[in-house]
């Protein structure tokens, strides 16, 4: 475990955008019958998901979320010094999507921008990067974006992934503030678990070939191309029920956190069954652990901030909140974060309508 404390940075606002199209798991054709669909819904907690139409990118969702965030905060675009874009669904192989966003959003040409290709722990790690860069006061305001169009590289005929993954973009607005409470982080990684969640073809190690673009039936109900995401369920389950509970306990011990003072436990929205096991392992009451799984599915790096926007908006406006968060997944990678949110701007979820 590695640990990091960041001072002088506060969360100023949160916003989110999801595509208009909704896919109901109960009526997916990949299931043999309604009973099978109901079993998957019961175990995952996912009833429906928002998914993009062809041609819509994660950056399209991001633009809508950022414009709403800036408008609600009343910030001038010229005042933004930093944009950290956490996303694995890039617009192009090169350049970075954050460069494109600078132009599309009309940000200053003096703005520092970067892409960070993180997955399920992208909120925690993204916050550590953005907050660290703001903490010294040279950069005053920044946006940490979590965006993903997961539905575009999961085969629609693969019953192991289609009911789970969805699309969203979120924006966390941060600003330098010497009176802000510390943000505390812990991190971990086990690269030997690469095959638990991975896309083998499409990078430099295994380039795409005509053969990899051919769909193949791996087993009944599981059809994939070589460049489709693979999720090995048993490996993921074994990791998720062991490592995140241990990581949270280590974070609690590292920073001497009184669990009774935690107002919200925010878990990566992977699977309701798994997340409930994690929650119970650190004895957090159910009412302190919100979920957005039922209506939004697994949106990977955007899942924690999307949960805040969709489930906690009113309490974020009016109350101080002591929060413990944990992201975990692809890599295999995990990260925990203790932070505070007090009287911030939290927008309604924006709906992206395809053009």
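The values are calculated or read from the model by the stated rules, or taken from the named source; none is laboratory data. Since this is a predicted model, take the numbers as computed values, not measurements. Every residue, glycine as well, gets a Cβ built from its backbone with ideal geometry; the counts of neighbours run over all protein chains shown.
Return yes or no: is residue 2 loosely packed, with under 13 Cβ neighbours inside 10 Å, under 19 Å from residue 131 (Cα atoms) and either at pLDDT below 95 or in contact with a strand residue (DSSP E or B) (Cβ under 9 Å, 6 or more places away or on another chain) (or both)?
Answer is yes for this residue.
Quick check on residue 210: is it farther than 30 Å from residue 4 by Cβ and surrounded by 22 or more Cβ atoms within 10 Å (Cβ to Cβ)?
For residue 210, the condition - farther than 30 Å from residue 4 by Cβ and surrounded by 22 or more Cβ atoms within 10 Å (Cβ to Cβ) - is not met.
What tally of residues in region 203-229 results from selecting those that are within 23 Å of residue 93 (Cβ to Cβ) and free of Cβ contacts under 8 Å to residues at least 40 places away in the same chain?
The qualifying residues number 13.
From the list 138, 110, 142, 126, exactly one residue is modelled with pLDDT of 95 or more and in a helix (DSSP H, G or I). Which is it?
Exactly one residue qualifies, and that residue is 126.
Checking residue 252 against (1) assigned to a loop (DSSP other than H, G, I, E, B); (2) under 25 Å from residue 323 (Cα atoms); (3) touching a residue at least 40 places away in the same chain (Cβ under 8 Å); (4) more than 20 Å from the chain's Cα centre (by Cα), which test does it fail?
For residue 252, the failing item is (1).
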